[in-house]
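Nothing in this text is a laboratory measurement; each read-out follows from the coordinates by a stated rule. Predicted model, so just to flag it, every value in this text is computed and none were measured. So basically every Cβ, Gly included, is an ideal-geometry build from the backbone, and we count neighbours across all protein chains shown.
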Amino acid sequence: MSAPDYRVYLVLDPGQCGGLEGMLRVSEAAIAGGAGVVQLRAPDWKKRDWLAAARALKTLCHARGARLLVNDHLDVALAIGADGVHVGQADLPAGVVRSLLGPDAIVGLSVSNAAELAAAELAAVDYLGVGPVFATLSKPDAAPPVGLAGLASLVSAVGKPCVAIGGISLDNAASVAATGVAGVAVIGALCRAADPAAAARALLNHFREKP
């Protein structure tokens, strides 16, 4: 399989998308507009709901050439054969996730400051999710925003693809892309868009060439 295309990275939120049907609709449209990665994130859901959603999303994503990642829940990813898992600082260590998923899976790790980056098991991850760049309401327990300067500093300090996340919109995506990130991870910019395909194309426009 080709390398993941992180340029437009959709993070699904059932509340903002309108449940599973809305998540499938937004995913299909966003992928049509250029999203290369879809992450299932539903912190308030029961595990069986995760499983059903992951199965449906995997079928959709693979039929349209996108990758499906599962946030945190390694068991769900293994159960449905997802392309990988994204973990945060309080989740299973990236090295443990890698050992269980194997060498071909995609493993992502969230970092929000230099200390977390220094402690990261970089050999175990394929990419880093860096942020929040700006203030965000999508994750109430998010770390303080790093801003554009902080984002650029973290990106320059690591030799892995970095995906910016947190408060990114069509209005500020160009300035985020200019920091050298491989892509932008967005929730509301696609989940709440009237036309997710057009919104994805607009985001992709800031990343002319696939990394």
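Just to confirm a number: summing +1 for Lys and Arg and -1 for Asp and Glu over residues other than A29 whose beta-carbon lies under 11 angstrom from that of A29, what do you get? Walk me through the numbers before you get to the answer.
Details: positive: R25, R64, R201; negative: E28, D195.
Local net charge: +1.
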Label-to-label distance, nm, for residues given as V158 and A178 (7 Å Cα→Cβ offset): 2.3
Contour excess over end-to-end distance, with Cα ends at E121 and D104 and 0.36 nm allotted per residue: 4.4 nm
Rounded to the nearest 20 debye, dipole of the chain from Cβ charges on Lys, Arg, Asp, Glu: 340
Relative contact order %, the stretch 8-204, counting alpha carbon pairs below 8 Å whose residues are six or more apart: 22
Mean-position separation - Cα centroids, the stretch 157-211 and the stretch 1-47, in angstrom: 14
Length released on extending from D171 to H62, taking residue separation times 0.36 nm less the Cα-Cα span: 36.2 nm
Compactness relative to 2.2 N^0.38 Å, alpha carbon Rg of the stretch 102-182: 1.06
Top of H86, H62, H73 by mean-square fluctuation, Gaussian network on the chain, Cα under 10 Å: H62
All Cα pairs of the stretch 20-90, percent lying beyond 16 Å: 41
Residue-span extension gain [S2 to E209] - 0.36 nm each, minus C-alpha spacing: 73.0 nm
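Within the chain, what is the longest stretch that has no trypsin sites (Lys or Arg not before Pro) placed in a DSSP loop and near at most 12 other beta-carbon atoms within 10 Å?
So the longest stretch without any such site is 47-207.
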Under 21 Å, Cα to Cα: Lys pairs in the chain, sequence gap 8 or more or different chains: 5
Within the stretch 87-103, backbone nitrogen closer than 19 Å to the virtual label 7 Å beyond the Cα of L78 toward Cβ: 87-88, 91-103
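Highest mean first, what order results for 26-33, 183-190 on Cβ atoms within 10 Å?
183-190, 26-33
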Of V163, V85, V97, the one that fluctuates the most in a GNM where the chain has Cα springs shorter than 10 Å: V97
Longest to shortest principal axis, alpha-carbon extents of the stretch 136-211, angstrom: 37, 34, 18
